[in-house]
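Have a look at the structure below, then the notes.
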Amino acid sequence: MSFAFSTYRRCAPKAVQMLLISVTWFCSGGHTCLISQSPSLASYFGTKTRYEEVNQFLLENPILVNRKQDLLPDTCTPLKIVSVIRHGTRYPTKNQIKKMKKMYSLIQKYGGDGSELAGKLQKWNMWYEDWMDGQLVKKGEQDMKNLAIRLATLFPSLFTADKFKNCKMSFLTSSKHRCVDSTKAFISGLEHGYFGFPPNSGAEMEDVPCREPVINDTLMRFFDHCEKFVVQVEDNDTAMHELDKFKQGPEMTKVIRKISAHLNVPERELSADLIQVAFFTCSFELAINNVADSPWCKLFDEEDGKVLEYLNDLKQYWKRGYGFDINTRSSCNLFQHIIKHLDAAVAESKRSQQISTPVVMQFGHAETLLPLLALMGLFKDEEPLTADSFSSQGDRKFRSGQIVPYASNLVFVLYHCELAKTPQEEFQVQMLLNENLLPFPHSHESVCLYEDLKKQYGHLLNYCHVKEECDLFKAMHASEDEL
Ligand SMILES: *[C@@H]1O[C@H](CO)[C@@H](O)[C@H](O)[C@H]1NC(C)=O
Ligand SMILES: *[C@@H]1O[C@H](CO)[C@@H](O)[C@H](O)[C@H]1NC(C)=O
């Protein structure tokens, strides 16, 4: 611990305006303390990006809270937060592991006559196994514990031990293993890392029923429950047409050709998918194992990284983002649920009651967050992302590595402001994405009167009924009507 502290001190210049918080340094495994600095490819990993890439100071101190960005003046106090959080760092899925093994075996087969790097890859130990199938890794637990400490530190009046013990916090999760485990790690981070309950307080904590995560896939995996989305997008072979086109396009072909030559693996044996999985292996080695100089990373230069990042973003765009309306409309239940929570707090505050649930934490996936953010109009580019627009989209807003890395989080903060001049000014909202203020798309301001927020999104609150939006039969009839 003292070592970790001195590490931080040595790196103090950047941290001068920040606040050092001296709660328990969450660092059980020792080596997870010292997280590798970012290699040049690390910002191109899309949805497989480490959280530290978006808040680099966490590489030095994983529980540092950036308070410089002012929230609201002292006359405004946070009443309630409602959050949607992506699970922490995870293992590759079974399907990804299968492709990793395929790529590895091609290198074994042909790589002998290839470059020195091919030789290194041949000797690389293939340690990924099927059982890992997308589960949360140790580092992913750490992601959640540290996030819990930082959020609690940012909102100390909401995250009190009393509120926790009296079940005034709610923890909802997707049923997936990695999400349930993320929720548990977050709760444990609060209990032991922030509140400082002794590690063996298990028995006494059993009286706190709400410390068990509640599974709700209707909210956190709405995409599985939306028939229209499943049929028209998820299971539709032609819906990812731009993605497929990019895989065959000039930018990808160039990368494939280069790697083929490097490894001596014939081009016909390779595909965009296999190249992508080699790139992901580089990302997994960094995110899971903290290995910054894996031979897998040496296969790619920065330009390749940009192409592979675009490949990942194209998929997110068409499957989870602006590509099809149903991608985002399917999340309006979740949006309405969030607003209902905030409404309840406003009503309680107006009646001078205690806020019944000041802390609402909901754990899901990148696939939960992206549609919700797009539904709200965030990170929307003027032009759609297409197979042909790699070069013109170089400055795009829709960059999944920046938006939904592992452990990404969207937090709505409802404030009560004492010295409000008008009743409307009494309740105000801010949004934080990955612990940074997120400006509202309609005003570009980082704070919004609660009433204005509801007006601004009135169409989603009043005219988006998931049951109808996701009704496939209705969708078919609607298009027949149009004919
Ligand atoms: C999930 O949450 C929604 C919205 O609060 C609720 O209507 C639904 O009953 C919940 N489902 C389960 C299985 O708890
Ligand atoms: C599949 O996607 C294509 C392209 O968006 C669309 O034209 C087609 O209607 C979709 N098919 C189904 C069954 O929804």
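The values are calculated or read from the model by the stated rules, or taken from the named source; none is laboratory data. Please read all numbers here as calculations on a predicted model, not as lab measurements. Positions of Cβ are backbone-derived with ideal geometry, glycine not excepted, and every protein chain shown enters the neighbour counts.
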Report task. Find all pairs meeting these conditions: Cβ atoms under 7 angstrom apart; at least six residues apart or on different chains; first residue within region 446-467 and more than 16 Å from residue 340 (Cβ to Cβ); second residue among the charged types (D, E, K, R) and modelled with pLDDT under 95. Result -> 449/425
Query raised in the report: Wholly within region 364-483, which helices (runs of 4 or more DSSP H) include no fewer than the required count, namely at least 2 residues that are over 24 Å from residue 87 (Cα atoms)?
Result: 450-456, 458-462, 466-469, 472-482
Query - Condition met for residue 322 (surrounded by fewer than 23 Cβ atoms within 10 Å (Cβ to Cβ) and under 23 Å from residue 457 (Cβ atoms)) - result: yes
**Report entry** Criterion (in contact with a strand residue (DSSP E or B) (Cβ under 6 Å, 6 or more places away or on another chain), in a helix (DSSP H, G or I) and within 27 Å of residue 91 (Cα to Cα)) met by exactly one of 188, 182
**Finding:** 182
Query raised in the report: Which of the residues that make up region 311-343 are within 23 Å of residue 256 (Cβ to Cβ) and hydroxyl-bearing (Ser, Thr, Tyr)?
Result: 317
Query raised in the report: Out of the residues in region 326-362 that are more than 18 Å from residue 453 (Cα to Cα) and within 16 Å of ligand 1 (Cβ to nearest atom), which is farthest from the chain's Cα centre (by Cα)?
Result: 356
Query raised in the report: Does residue 311 meet the test of being closer than 20 Å to residue 409 by Cα, of a type in the set (A, V, I, L, M, F, W, C) and away from ligand 2 (no atom under 16 Å from the Cβ)?
Result: no
Report task. Go through the residues of region 217-234 one by one and say whether even a single one is modelled with pLDDT of 95 or more, away from ligand 1 (no atom under 16 Å from the Cβ) and among the hydroxyl-bearing types (Ser, Thr, Tyr). Result -> no
Query raised in the report: Would you say residue 264 is touching a residue at least 60 places away in the same chain (Cβ under 8 Å), surrounded by 13 or more Cβ atoms within 10 Å (Cβ to Cβ) and either more than 10 Å from ligand 2 (Cβ to nearest atom) or not hydroxyl-bearing (Ser, Thr, Tyr) (or both)?
Result: yes
Query - Count of region 336-363 residues which are touching a residue at least 40 places away in the same chain (Cβ under 8 Å), assigned to a loop (DSSP other than H, G, I, E, B) and not aliphatic (A, V, I, L, M) - result: 3
Query raised in the report: Residue check: is residue 214 within 21 Å of residue 372 (Cβ to Cβ), more than 14 Å from ligand 1 (Cβ to nearest atom) and modelled with pLDDT of 95 or more?
Result: no
Requested in this report: Name every residue in region 319-335 that is among the hydrophobic types (A, V, I, L, M, F, W, C) and part of a helix (DSSP H, G or I), in order of residue number.
Outcome: 326, 332, 334, 335
Report task. Report yes if residue 297 is within 29 Å of residue 392 (Cβ to Cβ) and either surrounded by 19 or more Cβ atoms within 10 Å (Cβ to Cβ) or out of contact with any strand residue (DSSP E or B) (no Cβ under 7 Å at 6 or more places or on another chain) (or both), otherwise no. Result -> yes
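Quick grid of which residues meet (1) modelled with pLDDT under 95; (2) outside any helix (DSSP H, G or I); (3) closer than 26 Å to residue 406 by Cβ; (4) β-branched (Val, Ile, Thr):
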position: 58; (1), (2), (3), (4): no, no, yes, no
position: 72; (1), (2), (3), (4): yes, yes, no, no
position: 81; (1), (2), (3), (4): no, yes, yes, yes
position: 85; (1), (2), (3), (4): no, yes, yes, yes
position: 88; (1), (2), (3), (4): no, yes, yes, no
position: 98; (1), (2), (3), (4): no, no, yes, no
position: 102; (1), (2), (3), (4): no, no, yes, no
position: 105; (1), (2), (3), (4): no, no, no, no
position: 128; (1), (2), (3), (4): no, yes, yes, no
Requested in this report: Of the numbered conditions (1) more than 16 Å from ligand 2 (Cβ to nearest atom); (2) surrounded by 17 or more Cβ atoms within 10 Å (Cβ to Cβ), residue 386 fails exactly one; give the number of that condition.
Outcome: (1)
**Report entry** Cross-chain or 6+ apart pairs with Cβ under 7 Å, region 154-178 first and under 30 Å from residue 131 (Cα atoms) and more than 16 Å from ligand 2 (Cβ to nearest atom), then among the aliphatic types (A, V, I, L, M) and part of a loop (DSSP other than H, G, I, E, B)
**Finding:** none
Query raised in the report: Since residue 370 meets every condition but one in (1) buried (at least 20 other Cβ atoms within 10 Å of the Cβ); (2) in contact with a Leu (Cβ under 8 Å, 6 or more places away or on another chain), which condition does it not meet?
Result: (2)
Query raised in the report: If you take the residues of region 160-179 that are touching a strand residue (DSSP E or B) at 6+ places or on another chain (Cβ under 8 Å) and crowded, with 22+ Cβ neighbours inside 10 Å, which of them is farthest from residue 141 (Cα to Cα)?
Result: 169
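Results for (1) over 27 Å from the mean Cα position of the chain (by Cα); (2) modelled with pLDDT of 95 or more; (3) surrounded by 15 or more Cβ atoms within 10 Å (Cβ to Cβ); (4) not small (Gly, Ala, Ser), shown as yes or no for each residue.
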{"site": "433", "(1), (2), (3), (4)": "no, yes, yes, yes"}
{"site": "442", "(1), (2), (3), (4)": "no, yes, no, yes"}
{"site": "454", "(1), (2), (3), (4)": "no, yes, yes, yes"}
{"site": "475", "(1), (2), (3), (4)": "yes, no, yes, no"}
{"site": "482", "(1), (2), (3), (4)": "yes, no, no, yes"}
Query - Number of positions in region 204-226 that are within 16 Å of ligand 2 (Cβ to nearest atom) and surrounded by fewer than 16 Cβ atoms within 10 Å (Cβ to Cβ) - result: 0
